[in-house]
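This report concerns only the one structure given below.
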Amino acid sequence: MAETGHTQRVFSGIQPSGGLTLGNYLGAIKRFVSMQDGGSETVYCMVDLHAITVWQDPEALRRQTRELAAGFIASGIDPERSVLFNQSQVSAHARLGWIFNCVARMGWMNRMTQWKEKAGKNSENASLGLFAYPSLMAADILAYHATHVPVGEDQKQHLELTRDIATKFNQVYGLDFFPITEPVIEGAATRVMSLRDGLKKMSKSDPSDMSRINLTDSADTIARKIRKAKTDPEPLPGAVDGLANRPEARNLVNIYAALAGISVDATLAQAGGRQFGQFKTALAELAVETLAPITSEMARLMHDPAEIDRIIGQGANKAAAIAEPILDQVHDIVGMIRSRG
Ligand code: TYM
């Protein structure tokens, strides 16, 4: 990781707005786990305040938050080595989010492609929270003075905004207070695509369940979804340039490489010349082998929701211990009186 003037700290978050997908796993969680062993402090958050920018049924939100925590732990996040918690239990996020709403400019927010996509033609009816969402995301990161943020490709623009907010805050108050965060977008699967359409992102909100692999899918379901995944009639190419203009082929190769922990070149060196039928069988086996232990561990953890709540409560205490002193400093910098005993 690149050196900055600030102590290295990793932060990332995932919305508990539905089940976890293979996209979340390969684009984010797998990297969270490897960074846990990279020597920096790691802080991982279930961002429930972000989830409610669109309607969430309260009971479903609670269940999904626990399921996400179980997914983190089952994938290898150790709550003793990483700080693991849900966002709403640490008020620093919302407090800094408000201050950043007063730093970010309307023009910056209006340019966010995810806002444009999500609000669509119905923006008059979208929540104010959905518009302000990226400013809260900047607060998530900067309340911890995080220097590195592992995410999938789709979050890149939000991380650029985070840098803009930090830079403007530092400039207007004449201090080097917030770090300029580095996005960590790495690996063969920074943008996992839909299994039905190689030009669309794999997403928990896609109406077709066949478009994605969920971490809670059974081995049979995973194998069936991969078998039915859209491809083209050509065999696999022997080198990366043979994937040009073949988005579905590229996607399956990227997924294979990311699951196997090898490069796309190495994948094609093994699989070049094969038909997709054969490659899909190997991919399904690899996916099941990787995901089945995670799925069964998640199910086991979900039997004890009180234990999950205890773990994330302790995580929230650790998170607050980092963020609260930073928020105190922010209030001092901005000119707010703190006189409570
Ligand atoms: P969310 O909940 O949509 O996704 C969580 C993480 O998974 C990655 N991801 C993918 N990666 C590759 N291929 C895909 N198809 C795919 N789909 C999702 C996302 O890039 C993300 O890393 N705004 C964030 C949550 C957030 C956050 C933060 C992240 C809130 N505050 C602070 C980092 C730091 C989001 O909606 O992610």
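The values are calculated or read from the model by the stated rules, or taken from the named source; none is laboratory data. Remember, predicted model here, so these are calculated numbers, not experimental data. When we count neighbours, we look across all protein chains shown, and the Cβ atoms used for this are built from the backbone with ideal geometry, even at glycine. In case anyone asks, the SASA skips ligands and DNA or RNA and just uses the protein heavy atoms, side chains included. Shrake-Rupley method; radii C 1.70, N 1.55, O 1.52, S 1.80 Å.
Taking the stretch 204-241 as the search range and keeping residues that are in contact with a helix residue (DSSP H, G or I) (Cβ under 7 Å, 6 or more places away or on another chain), part of a loop (DSSP other than H, G, I, E, B) and of a type in the set (G, A, S), which one is surrounded by the fewest Cβ atoms within 10 Å (Cβ to Cβ)?
Applying the filter and picking the extreme gives A239.
Residues I333, I326, I311: which one is part of a helix (DSSP H, G or I), modelled with pLDDT of 95 or more and under 18 Å from R63 (Cα atoms)? Working first, answer last.
Values: I333 fails: under 18 Å from R63 (Cα atoms); I326 fails: under 18 Å from R63 (Cα atoms).
Only one candidate passes the filter, namely I311.
Take residues that are open to solvent by less than 30 Å² (accessible area, probe 1.4 Å) and tell me which of the helices (runs of 4 or more DSSP H) falling wholly in the stretch 97-203 contain 3 or more.
Counting at least 3 such residues, we get 128-142, 156-173.
Quick one: in the stretch 305-316, which of the residues that are without any contact (Cβ under 8 Å) to a residue 60 or more places away in the chain and within 24 Å of the chain's Cα centre (by Cα) is most open to solvent (accessible area, probe 1.4 Å)? Explain how you work it out, then say what you get.
First, pick out the residues of the stretch 305-316 that are without any contact (Cβ under 8 Å) to a residue 60 or more places away in the chain: 306-307, 310.
Filter once more, so that each one left must be within 24 Å of the chain's Cα centre (by Cα): 307, 310.
Values: E307: 68, R310: 115 Å².
Here the answer is R310.
Per-residue answers, yes or no, for (1) over 26 Å from Q15 (Cα atoms); (2) more than 15 Å from the ligand (Cβ to nearest atom); (3) without any contact (Cβ under 8 Å) to a residue 12 or more places away in the chain; (4) not polar (S, T, N, Q):
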position: H158; (1), (2), (3), (4): no, no, no, yes
position: D176; (1), (2), (3), (4): yes, yes, no, yes
position: I185; (1), (2), (3), (4): no, no, no, yes
position: L195; (1), (2), (3), (4): no, no, no, yes
position: L199; (1), (2), (3), (4): no, no, no, yes
position: L215; (1), (2), (3), (4): no, no, no, yes
position: K228; (1), (2), (3), (4): yes, yes, no, yes
position: D232; (1), (2), (3), (4): yes, yes, no, yes
position: E248; (1), (2), (3), (4): yes, no, no, yes
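Could you tell me how many of the residues in the stretch 50-87 are within 13 Å of the ligand (Cβ to nearest atom), touching a strand residue (DSSP E or B) at 6+ places or on another chain (Cβ under 9 Å) and over 16 Å from A306 (Cα atoms)?
3
Could you tell me which numbered condition A119 fails, if it satisfies all but one of (1) touching a His at 6+ places or on another chain (Cβ under 8 Å); (2) at pLDDT below 95?
If we test A119 against (1) touching a His at 6+ places or on another chain (Cβ under 8 Å); (2) at pLDDT below 95, just (1) comes out false.
Given the criteria over 26 Å from the mean Cα position of the chain (by Cα) and outside the structural domain of G18 (by TED's automatic domain parsing), does P247 qualify? Can you show your working first?
Working: over 26 Å from the mean Cα position of the chain (by Cα): no; outside the structural domain of G18 (by TED's automatic domain parsing): yes.
No; evaluated as a whole, the condition is false for this residue.
Residues of the stretch 318-341 being touching a residue at least 24 places away in the same chain (Cβ under 8 Å) and either surrounded by fewer than 15 Cβ atoms within 10 Å (Cβ to Cβ) or within 26 Å of the chain's Cα centre (by Cα) (or both), which ones? Spell out how you get there, then give the answer.
Kept after step one, since they are touching a residue at least 24 places away in the same chain (Cβ under 8 Å), are these residues of the stretch 318-341: 318-320, 322-324, 326-327, 329-330, 333-334.
The answer is K318, A319, A320, I322, A323, E324, I326, L327, Q329, V334.
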